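The values are calculated or read from the model by the stated rules, or taken from the named source; none is laboratory data. All values derive from a computational prediction rather than experimental measurement. Don't worry about glycine lacking a Cβ; one is built from the backbone with ideal geometry, like all the others, and counts go over all protein chains shown. All accessible areas refer to the heavy atoms of the entire protein, side chains included, with ligands and DNA or RNA removed. Shrake-Rupley method; radii C 1.70, N 1.55, O 1.52, S 1.80 Å.
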Amino acid sequence: MKFTLKTIYRLLFTTLFLSTTVSLSADQKVKTLRADAPEVRYTGRIEKESDGSVKFNWSGTYAEFRFTGSSISMRAKDSKKNYYNLFIDGIQKGVITVSKTDSVIVLAKGLKKGTHSLRLQKRSEGEQGTTTIISWFLDEKGTLLPPDVKRERHIEFIGNSITCGYGTEGLSKKEPFKPETENCNYAYSCIIARYFNADYTLIAHSGRGAARNYGDTARVSKVSMRELMMGTFDEQPQNRWNFSSYRPDLLVINLGSNDFSTKPHPLKEEFLNSYDIIIKQIREVYGDVKILCVAPPKGGAFDYLREYCIGKRDKNLHFTAYLNGVYNDDSDQGSSGHPNYEGQKKIAMTLIPHISTITGWQLTGEPVK
């Protein structure tokens, strides 16, 4: 289908959130393509609708493709408000905002002739809302092409705020959390995936634990990551993911800090029972995949998880931890005392050797970034 942007703008309230781009001319003809076009590679838990739109909300979900032409736009909306990292030709060009208004968002214009690549990465987490991409817009003679990616590994991370990049762009540990300073691309999870040139999925939610969530008045929460990890969408465990779209080569679990952050703490058997359910669910859907259990630097989880992993006598179940002092208490911290990009890189540097050992993936000698 072909429309002029003048027609599109008449139908939709158009907003532009990328400060480095400007609106295309109103009389320029464009080509409309479905969000679920086969050339578009989505990584993460998504739901394709009958009208061709694509819905998702887990942090870190990303879309990749190549295209020809001088411009690229998308039509999208959100149940609340979410933020996206936009990469054109491998270079980050800015941050895109998708809000409740059904909008056409100009991602890039004025590009040189030839083939270009796009990567759009959800940087904020599921509690900020669910995004629906409705369609893509190319130049009238533009072509959509599959991405030229060479990744043969996939890591799935199950975790909390550290995993999804809470406050990584915060300027100090005293700064309160703001969704716009949450950037999963600066979290240890995405850093590790980049280091090993792996695809990734983040099944993570700030404040959630294995048995008990931060601030809960009960020792065992009714809905923790124990339930959320099974959902297509964060905060909607009743909508079960199909677990057939991909099979990760490695599962990294980083849970336990929220369980013991405030009182009442779960009893040892309550915590380990929930953790055991998580492991059994992984085995049920992925089989004998390698699992790395990461204990937090403080709280009861360290001893409990170490004992649990040793006691299971499972050759593909491994234990490690990052300890207090791996990042400092000042310049390595962002919003609400969470590790910023520098702190997250140090966590990644701690875990990368363990991952290399249990998977056989060779260390690259390159710096983490």
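Structural remarks
- Per residue solvent-accessible surface (Å²) - segment 55-182, probe of 1.4 Å: 36
- Extension gain for Arg153 to Ser172 (0.36 nm times residue separation, less C-alpha to C-alpha distance): 3.4 nm.
- Label assignment, Rg/Rh (Cα atoms, Kirkwood Rh) derived from the structure, set (i) 0.99; (ii) 1.01; (iii) 1.04: (i)
- Close amide H partners of Asp139, meaning residues 5 or more places away or on another chain with modelled amide H under 5 Å apart, are Lys31, Ser70, Ser71.
- Contact order normalised by residue count of segment 24-149, Cα under 8 Å, 6+ apart, percent: 40
- The sum of -39500 (n - 2.57) across all DSSP H runs of n ≥ 4, divided by the residue count of the chain, sets its helix-only mean residue ellipticity at 222 nm to -6000 deg cm²/dmol.
- Relative contact order of the chain, defined on C-alpha pairs under 8 angstrom at six or more residues apart (%): 16
- A Förster radius of 45 Å, combined with the Cβ-Cβ distance separating Leu267 from Thr115, puts the computed FRET efficiency at roughly 0.20.
- Under 5 Å from the amide H of Gln333 lie the amide H atoms of Asn340, each residue being 5 or more positions distant or on a separate chain, with H modelled from the backbone and absent for Pro and chain starts.
- Within segment 292-359, none of the chymotrypsin sites (Phe, Trp or Tyr not before Pro) combine a DSSP coil assignment with at most 12 other C-beta atoms in a 10 angstrom radius.
- Only lysines eight or more places from Lys55 in sequence, or on another chain, were considered; those with a Cα closer than 18 Å are Lys77, Lys80, Lys81, Lys100, Lys122.
- Ranked from largest to smallest solvent-accessible area, with a 1.4 Å probe on the protein heavy atoms, Glu342, Glu284, Glu125 come out as Glu284, Glu342, Glu125.
- Burial ranking of peptide ranges 160-173, 200-213, 98-111 (average Cβ count within 10 Å, highest at the top): 200-213, 160-173, 98-111
- Solvent-accessible area, 1.4 Å probe, carbon plus sulfur percent, for the chain: 51
- Between Thr217 and Lys48, the simple spin-label model (points 7 angstrom out along Cα→Cβ) gives 4.6 nm.
- Computed extension gain for Gln362 through Asp89, at 0.36 nm per residue and net of the alpha carbon distance, reaches 95.6 nm.
- Using a probe of 1.4 angstrom and keeping all protein chains present, the accessible surface of segment 277-369 works out to 50 square angstrom per residue.
- Of the DSSP H helices in the chain, those that are both long (alpha-carbon extent of 20 Å or more along the helix axis) and hydrophobic (Kyte-Doolittle mean at least -1.0) are 268-286, 341-359.
- Whole-Hz ³J(HN,Hα) from phi, Karplus 6.51 cos²θ - 1.76 cosθ + 1.60, for segment 202-213, glycine and proline x: 10, 10, 9, 8, 4, x, 8, x, 6, 10, 10, 8
- Summarised as an ellipsoid, segment 48-175 has semi-axes of 26, 18, 16 Å, derived from the eigenvalues of the Cα gyration tensor scaled by 5 and square-rooted, with the largest first.
- The slack in the chain from Asp276 to Glu39, taken as 0.36 nm per residue of separation less the alpha-carbon distance, amounts to 81.4 nm.
- Asn242-Arg306 pseudo-label distance in nm [points 7 Å out on the Cα-to-Cβ vector]: 4.3
- Once you reduce segment 72-126 and segment 215-271 to the center of their Cα atoms, the two points are 30 Å from each other.
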